[in-house]
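To start, the structure itself, in structure tokens.
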Amino acid sequence: MAELGHLSLWLALAISLLQVVLPSLGLARRDGRLVALAVPAAQTQVLLALAAFGALTWCFVTSDFSVRIVASNSHTLKPMLYKVTGVWGNHEGSLLLWVAMLALAGGAVATFGRRLDAGFRARVLAVQGLIAVGFYAFLLITSNPFARLLPVPEQGSGLNPILQDPGLAFHPPMLYLGYVGLSVAFSFAVAALLENRVGPAWAREVRPWVLAAWAALTGGLALGSWWAYYELGWGGWWFWDPVENAALMPWLAATALFHSAVVLEKRDALRNWTVLLAVVAFSLSMLGTFIVRSGVLTSVHAFAVDPERGLFILILLAFYIGGALTLYAWRAGQVQAGATFAAVSREGALVANNLLLSAALGTVFMGTLYPLALEALTGEQISVGAPYFNATFTPLMVPLIALMAVGPFLTWRRAHNRLASALALPAAAAIGATLTAYAFADTRGALALVGFALAAWLAVAVMVELSGHLRHGRGGAGSTWARLRRIPRAAWGMSLAHLGVAVTVFGVTASGAWQQETLANLRLGESALAGPYRYTLASVMPVAGDNFTALEGRFAVTRDGRAIAVMTSQARAYTSPPMETTEAGIKPLWGGDLYAVLGKPDGRGGWQVRLHWKPFIPWIWYGSVLMALGGIVALTDRRGRASAAVPAAEPVDPVNALAAE
Amino acid sequence: MTASPTPPSPSRPPAAPMPLSRKLLVALPVLVFAGLVAVFVSQLKPKDPNAVPSALLGKPAPEFSLPGYDAEHPGLATADLRQGTVTVVNIFASWCAPCVAELPQLQRLAEDHGVVVHAIAWKDKPDDMAAVFARAGNPFRRIGMDNEGRTVIDWGIAGVPETFIVDGRGTIIHRHIGDIRPEQVARIAEIVRTGKP
């Protein structure tokens with residue numbers, strides 16, 4: 001089976017080479033038959049990449065320990081779910097997943113991009129193929145997932161237990177889908193630069209791809225942070241770890257990208273900027289992969305530290321990113337500047353959004369890479385942690401979120417509507433929320449009060465905006481329901497996503513400002529208070545799982561004498577490989593999470609325990625789900641599909657495309 | 001590189017030569033990236049992933065002056081670290097579990113080994129601190145209240161707790177990341193006693 005997978009991978013490399021060469025030749029020679037080969041090539045590549053991935057999965061499922069990475073990452077006693085997720089719980093397998101997703105992205109363009117101009121689609125697929133060539137080569141030359149092992153071991157050495165978790169099982173595929181999905185935007189940008197085709201039509205075509213990748217990336221980030229929250233047992237949900245930052249940066253770039261693409265589509269402005277963002281977003285994704293894989297940054301996530309591979313990826317990155325940016329430097333001057341516009345307008349607000357997002361991206365980029373640059377230049381070593389990011393990132397998010405409420409009320413070109421009346425209700429809500437938090441919840445932190453104000457401001461503004469659709473919609477005699485249905489999906493998507501931001505901001509603020517933490521030494525039967533909740537340590541018992549043993553602490557939680565929940569927290573000891581982990585006990589209630597961690601025995605019959613009351617913390621992830629959902633809803637917008645359906649109306653000749661301004 | 005030859009179209013004037021400033025602007029991304037690649041190449045060497053040494057090792061402690069916690073625990077400033085004796089500066093927060101867990105170890109340093117232990121309390125509330133001290137003891141001589149969280153940035157910390165050993169002239173000679181485990185107390189005391197990392 002392994003050989004079959006290996007062969008598929010080599011064939012996929014060969015096909016992707018063809019996918020680059022033939023269409024490019026066809027475009028140069030104006031040979032339609034060669035150009036048309038791009039589509040079947042991309043589709044064949046999908047089958048081959050999936051075959052390779054399937055073969056590796058089969059090796060894991062059947063515990064074929066003659067395959068090296070199966071032997072070093074799996075174990076017969078592992079639950080089936082983690083045998084499967086073990087496929088991407090290691091360097092080689094995760095890269096195989098990465099290229100399989102890349103092939104899928106190319107296949108999606110080939111299959112669903114039928115309405116694109118055939119020549120342009122071939123160009124996009126050629127670029128997509130070029131990216132694939134490099135990563136297939138990387139996989140086959142430095143990290144062959146199908147390498148055999150002799151002699152064949154009797155038993156595997158198991159998967160890192162910290163990765164044996166449903167949250168982490170689905171986090172990498174989701175994140176990779178987002179990372180790699182952005183490759184389509186990259187290929188669109190490079191193809192558009194090659195053909196001098198940057199314009200409103202291009203923006204409209206690229207937007208659904210960006211939205212899809214963005215939604216996946218949002219989901220991936222949320223899953224990762226949720227995993228860190230309950231598995232690492234520290235009670236935090238974001239640690240500004242370099243690997244987290246590596247995933248956050250493409251997300252920020254993609255967010256900026258689909259906002260600026262709207263401006264390009266509607267007003268034909270920000271041409272160079274949008275193309276640059278499309279290049280940068282995927283570049284940051286590749287950089288993220290590089291950072292995780294190469295070990296240039298010290299991080300808890302670095303489970304494959306190997307400078308040789310690092311150098312190979314670096315050469316790939318230098319070629320792809322450097323090449324695209326050089327092309328940009330060369331061609332951007334020829335892209336004509338688009339329209340100019342008034343400051344107070346929809347596009348003005350979107351430009352401000354882009355400036356703030358880019359500034360935020362810049363601070364994360366600096367904080368992540370500055371220590372590296374400093375060490376290279378001066379030999380000095382520093383580490384930048386949460387204090388830096390809290391001090392720089394948060395102040396940029398405040399105006400961004402404030403503006404997010406205003407933007408949708410502005411009209412294109414020049415705002416002339418009654419902004420003040422639209423914003424009166426959100427402003428009142430913001431003041432109300434702040435006063436309530438101050439007076440009734442005893443919140444004193446300035447930032448926390450600002451957070452509550454922003455969440456209320458944004459949430460109410462979204463509602464006002466939606467109700468505006470209802471009042472002004474040409475519903476005629478139609479019911480409210482009919483009017484609701486007439487709101488474009490894109491508008492629904494935006495409202496959902498913005499509402500999601502409000503929910504997340506509320507979750508972040510409330511869980512930070514109101515959380516209660518208690519450290520205690522409890523004997524059996526003793527209890528301690530965390531916030532309004534009383535935790536009683538009912539029992540500590542040994543338990544055994546499939547591949548671990550654990551001490552399980554059982555906590556009975558009461559509030560004002562009423563029983564609320566029974567929670568368990570485990571201190572686990574895995575045998576293969578030997579490692580200890582904590583499973584926090586988490587009980588989600590409507591108002592927040594109860595969170596208990598069983599620590600070490602104190603040697604005198606007591607146990608160290610950490611008890612939390614974390615109000616509203618799940619809202620952080622509810623909000624993320626809303627955001628991702630918003631992206632998906634916007635993706636189904638009829639306008640996007642309809643306009644893509646009339647390529648004949650778009651000038652096919654690139655020169656005319658520019659002239660048609 | 002364009003697929004089709006590009007005849008000048010009537011509505012589009014022939015491109016004027018790009019001004020230099022614009023050329024530089026569009027070339028800026030690729031130049032930044034080139035710098036980044038150079039940095040990465042220089043960093044691609046095997047290294048111990050657990051070693052995060054401090055930039056401040058061998059350097060004077062950053063300049064700061066912080067208000068105190070109470071009358072018995074006055075504030076902390078750079079001058080207090082230049083009194084001729086080796087001191088230990090612990091970055092502390094009552095909301096951080098490992099910080100509380102290492103208090104007994106700091107207590108042992110102070111009582112059994114006679115080490116002067118100061119604290120910088122990061123964004124902490126006196127009431128919360130008092131509750132922790134009442135339970136776990138207060139090993140600190142001076143406590144600087146870093147209410148703004150600015151001073152800890154100057155110290156370059158990655159998280160709490162962290163512990164620095166400063167020699168009598170105010171030079172940082174050792175950095176300990178994370179909580180001090182009971183078995184590490186002797187080693188810390190040794191560094192303090194010899195003044196050598």
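Only one of these conditions is not met by residue B:36: (1) part of a helix (DSSP H, G or I); (2) within 14 Å of chain A (Cβ to nearest Cβ); (3) modelled with pLDDT of 85 or more. Which number is it?
Evaluating residue B:36 over (1) part of a helix (DSSP H, G or I); (2) within 14 Å of chain A (Cβ to nearest Cβ); (3) modelled with pLDDT of 85 or more leaves (3) as the failure.
Return a yes/no flag: does the stretch A:512-522 have any residue that is buried (at least 17 other Cβ atoms within 10 Å of the Cβ), among the aliphatic types (A, V, I, L, M) and more than 19 Å from residue A:597 (Cα to Cα).
Yes, the stretch A:512-522 contains a residue that is buried (at least 17 other Cβ atoms within 10 Å of the Cβ), among the aliphatic types (A, V, I, L, M) and more than 19 Å from residue A:597 (Cα to Cα).
Can you name every residue in the stretch B:122-140 that is under 21 Å from residue A:443 (Cβ atoms) and surrounded by 19 or more Cβ atoms within 10 Å (Cβ to Cβ)?
Answer for the stretch B:122-140, where residues must be under 21 Å from residue A:443 (Cβ atoms) and surrounded by 19 or more Cβ atoms within 10 Å (Cβ to Cβ): B:122, B:124, B:129.
Please determine whether any residue of the stretch A:599-607 is surrounded by 20 or more Cβ atoms within 10 Å (Cβ to Cβ), touching a Phe, Trp or Tyr at 6+ places or on another chain (Cβ under 6 Å) and part of a strand (DSSP E or B).
So far as the stretch A:599-607 goes, no, none of its residues is surrounded by 20 or more Cβ atoms within 10 Å (Cβ to Cβ), touching a Phe, Trp or Tyr at 6+ places or on another chain (Cβ under 6 Å) and part of a strand (DSSP E or B).
Check off (1) of a type outside the set (Val, Ile, Thr); (2) in a helix (DSSP H, G or I); (3) more than 19 Å from residue A:122 (Cα to Cα) for residue A:22 and give me the number that stays unchecked.
If we test residue A:22 against (1) of a type outside the set (Val, Ile, Thr); (2) in a helix (DSSP H, G or I); (3) more than 19 Å from residue A:122 (Cα to Cα), just (3) comes out false.
Which condition breaks for residue B:46 when tested against (1) more than 20 Å from residue B:168 (Cβ to Cβ); (2) more than 20 Å from the chain's Cα centre (by Cα); (3) modelled with pLDDT of 85 or more?
(3)
When you go through (1) aliphatic (A, V, I, L, M); (2) over 25 Å from the mean Cα position of the chain (by Cα); (3) modelled with pLDDT of 85 or more; (4) surrounded by fewer than 24 Cβ atoms within 10 Å (Cβ to Cβ) one by one for residue A:122, which number turns out not to apply?
With (1) aliphatic (A, V, I, L, M); (2) over 25 Å from the mean Cα position of the chain (by Cα); (3) modelled with pLDDT of 85 or more; (4) surrounded by fewer than 24 Cβ atoms within 10 Å (Cβ to Cβ) applied to residue A:122, the lone miss is (4).
Conditions tested, residue by residue: (1) of a type in the set (Gly, Ala, Ser); (2) farther than 19 Å from residue A:149 by Cα; (3) touching a strand residue (DSSP E or B) at 6+ places or on another chain (Cβ under 6 Å).
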site	(1), (2), (3)
A:32	yes, yes, no
A:62	no, no, no
A:97	no, yes, no
A:103	yes, yes, no
A:112	no, yes, no
A:118	yes, yes, no
A:122	yes, yes, no
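Can you find even one residue in the stretch B:1-13 that is touching a strand residue (DSSP E or B) at 6+ places or on another chain (Cβ under 9 Å), modelled with pLDDT under 65, at the interface with chain A (Cβ under 7 Å from one of its Cβ atoms) and part of a loop (DSSP other than H, G, I, E, B)?
No: zero hits.
With the condition kept exactly as written, say whether any residue in the stretch A:524-542 is over 24 Å from residue B:100 (Cβ atoms), among the aromatic types (Phe, Trp, Tyr) and more than 14 Å from chain B (Cβ to nearest Cβ).
The answer is no; no qualifying residue exists.
Quick one: would you say residue A:490 is closer than 28 Å to residue A:626 by Cβ, among the aliphatic types (A, V, I, L, M), outside the structural domain of residue A:592 (by TED's automatic domain parsing) and in contact with a Lys or Arg (Cβ under 8 Å, 6 or more places away or on another chain)?
Spelling it out, residue A:490 is indeed closer than 28 Å to residue A:626 by Cβ, among the aliphatic types (A, V, I, L, M), outside the structural domain of residue A:592 (by TED's automatic domain parsing) and in contact with a Lys or Arg (Cβ under 8 Å, 6 or more places away or on another chain).
Go through the stretch A:242-277 residue by residue and tally those that are over 15 Å from the mean Cα position of the chain (by Cα) and either part of a loop (DSSP other than H, G, I, E, B) or at pLDDT below 85 (or both).
Summing the residues that are over 15 Å from the mean Cα position of the chain (by Cα) and either part of a loop (DSSP other than H, G, I, E, B) or at pLDDT below 85 (or both) in the stretch A:242-277 gives 3.
Quick check, is residue B:102 within 24 Å of residue B:193 (Cα to Cα), within 14 Å of another protein chain (Cβ to nearest Cβ) and not hydroxyl-bearing (Ser, Thr, Tyr)?
It is true that residue B:102 is within 24 Å of residue B:193 (Cα to Cα), within 14 Å of another protein chain (Cβ to nearest Cβ) and not hydroxyl-bearing (Ser, Thr, Tyr).
The values are calculated or read from the model by the stated rules, or taken from the named source; none is laboratory data. Quick caveat: nothing in here was measured; it's all calculated off a predicted structure. Because the Cβ atoms are built from the backbone with ideal geometry, glycine has one as well, and the counts that use them run over all protein chains shown.
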